[in-house]
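These notes concern the structure reproduced below.
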Amino acid sequence: MFLRHLAAPAATAITLALAAPALAQDAPETLPDIALGAENAPLTVIEYASFTCGHCANFHNNVFPELKAEFIDTGQVRFVQRDVYFDQVGLWAGILARCGGDDRYYAISHMLFEDQASWAQGGSGDEVAAGLRRIGLKAGLSDDQMTACWDDTAKVEQLVATFQANATADGIEATPTFIIGGEKVPNQSWDSMRSLIQTKLEDAAPAE
């Protein structure tokens, strides 16, 4: 069983949740997006990302700072990261990212991507667990907080249901995948993404 330090019933429930979509009549409530940027920004950029995806880590470490400085911090883009759980390790990292609440979600996400090589490549569940706990402690979470989050089966089922609903609606098959102004686009260079964002912003600008 993955992550020996965590409760076996929770791990079992998550394994089953990842294995097949929940039946409609039993489906947990989905969770709202956690967004960065002005609520009235003219353009929304959604990223589907997995915490175990190397290309996602490259985007967050090398491209996202440019996107944030030029478009998010200036009020032109509202950014939403939607977690994708293609594997159990990525799910446990996603639970950790949510463990500090909405206000700390992006800070913990950044730490997970920045240090991905140090925790995601563990040779065993114990090594991955220890790596994730180090990230959590660095983020100011206690061991008890992290254990409580990983043991919260109802919340985990909500996270999985949210992932399944969003990824199905947008036809997500790989990460990172972006929805820019309603258009689904694959991973690409910053220059290409910047050009597309500028075009979308021009299209969204009110006619004079």
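Below, the figures for the structure above:
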quantity: Per residue solvent-accessible surface (Å²) - segment 102-208, probe of 1.4 Å; calculated: 52
quantity: Read-out Cα Rg over 2.2 N^0.38 Å, derived from the coordinates shown; its label in [x] 1.04; [y] 1.25; [z] 1.17; calculated: [x]
quantity: Cross-link table LYS68/LYS155; LYS68/LYS184; LYS138/LYS200, entries beyond 27 Å C-alpha to C-alpha; calculated: LYS68/LYS155; LYS138/LYS200
quantity: Portion, in percent, of the accessible area of the chain that falls on carbon or sulfur, probe 1.4 Å; calculated: 50
quantity: Percent RCO, i.e. relative contact order, over the chain, from Cα pairs under 8 Å lying at least 6 residues apart; calculated: 31
quantity: ARG104 versus LEU201: modelled label distance in nm, points set 7 Å from Cα along the beta carbon direction; calculated: 3.3
quantity: Dipole magnitude of the chain, debye to nearest 20 (Cβ charges: Lys/Arg +1, Asp/Glu -1, about Cα centre); calculated: 360
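The values are calculated or read from the model by the stated rules, or taken from the named source; none is laboratory data. Small disclaimer: the values here were computed from a predicted structure and weren't measured. Every residue, glycine as well, gets a Cβ built from its backbone with ideal geometry; the counts of neighbours run over all protein chains shown. The area values use the complete protein model at the heavy-atom level, side chains included, leaving out ligands, DNA and RNA. Shrake-Rupley method; radii C 1.70, N 1.55, O 1.52, S 1.80 Å.
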